[in-house]
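Working notes, beginning with the structure itself.
The values are calculated or read from the model by the stated rules, or taken from the named source; none is laboratory data. As the structure is a prediction and not an experimental result, all values here were calculated from the model. All Cβ positions, even for glycine, are placed from backbone atoms using ideal geometry, and neighbour counts span all protein chains on display. Ligands, DNA and RNA are stripped out before the accessible areas are found, and what is left, the full protein with its side chains, is counted by its heavy atoms. Shrake-Rupley method; radii C 1.70, N 1.55, O 1.52, S 1.80 Å.
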Amino acid sequence: LKDTLAEGFAYYDADGNIIKLNSKDVILEGNVSVKVQYEASGTDKDGNTTYYPTIEDAVEATDNDIYAKLKLLADILRESELSFDGITTLDLNGKTINSQGEYAISVNENATLNIENGEINNTVLIDGGVLNFNSGVINSETDGVHNNGGTFNMLDGEIIAGDGYVDIYVEGDNETNFMGGAYTDGFTVGGAVVNDVLADGYAFYDNYVGVELSDSQTQ
């Protein structure tokens, strides 16, 4: 019976108690329900997995563990962003983070966040930290990624911004690198003309070949 449940789900009896199963159980009697038990899990460097009732609990437990992997076990809806301050890998596990706040995720100063395998529906803020976007989709009604003085490495995946916005908005002393993936609306540097934000002798590069920009080019 354990093999019939997706990770994060459990059987409940008529009184609302979790039915604990062993590997040989094949029959359940009485009134039984299947409910989501956990929103996320965290796995440490030794392969030990802990389950958490909320994504906030999982982030708090794994945020400062360089070896930990945080896995989303259910689609979630949030009113505020998830904030990361340490070194973490977030495996969206094919699930979706829907956020009604200004941002879905913030990667704060000195933090490093690796994201893979799912969808984020709102802007991701890099507020001085490092974001490695390994795979998945960022789909926002406004800017897709807002890099405010951090480092953004896009290795794969897709970024989709809302009408009138850009996929990647960069400002401050930042580094933004594209190694793969798809984006369609380009990027804007602090809302300014691109050439105006570069010191003499600097240029934007595409596949390590210098790109010449006109004086009025902003994306």
For this session: Collect the residues in region 6-15 that are part of a loop (DSSP other than H, G, I, E, B), within 27 Å of ASN93 (Cα to Cα) and open to solvent by 40 Å² or more (accessible area, probe 1.4 Å), keeping them in residue-number order.
Result: ALA6, GLU7
Seminar exercise, completed: Checked region 56-79 for anything in a loop (DSSP other than H, G, I, E, B) and either touching a residue at least 40 places away in the same chain (Cβ under 8 Å) or open to solvent by less than 60 Å² (accessible area, probe 1.4 Å) (or both); matches are ASP63, ASP65, ALA68, LEU73, ALA74
Problem set entry | Breaking point among (1) modelled with pLDDT of 95 or more; (2) open to solvent by 20 Å² or more (accessible area, probe 1.4 Å), for VAL107 | (2)
Exercise. Among the candidates TYR208, TYR202, TYR169, which residue alone is of a type in the set (Ser, Thr, Tyr), at pLDDT below 90 and either crowded, with 17+ Cβ neighbours inside 10 Å or within 14 Å of the chain's Cα centre (by Cα) (or both)?
Worked result: TYR169
For this session: Run down ASN98, ASN93, ASN22 and say which single residue is open to solvent by 40 Å² or more (accessible area, probe 1.4 Å), modelled with pLDDT under 85 and either of a type outside the set (A, V, I, L, M, F, W, C) or assigned to a helix (DSSP H, G or I) (or both).
Result: ASN22
For this session: Identify the single condition in (1) in a loop (DSSP other than H, G, I, E, B); (2) in contact with a Phe, Trp or Tyr (Cβ under 7 Å, 6 or more places away or on another chain); (3) over 24 Å from PHE133 (Cβ atoms); (4) among the charged types (D, E, K, R) that LYS35 does not satisfy, given that it satisfies every other one.
Result: (1)
For this session: Just give me the residues in region 110-138 being over 16 Å from ILE55 (Cα atoms) and buried (at least 22 other Cβ atoms within 10 Å of the Cβ), in sequence order.
Result: ALA111, ASN122, THR123, VAL124, LEU125, ILE126, GLY129, LEU131, PHE133, GLY136, ILE138
Problem set entry | Subset of region 23-50 [without any contact (Cβ under 8 Å) to a residue 12 or more places away in the chain and in contact with a helix residue (DSSP H, G or I) (Cβ under 9 Å, 6 or more places away or on another chain)] | THR50
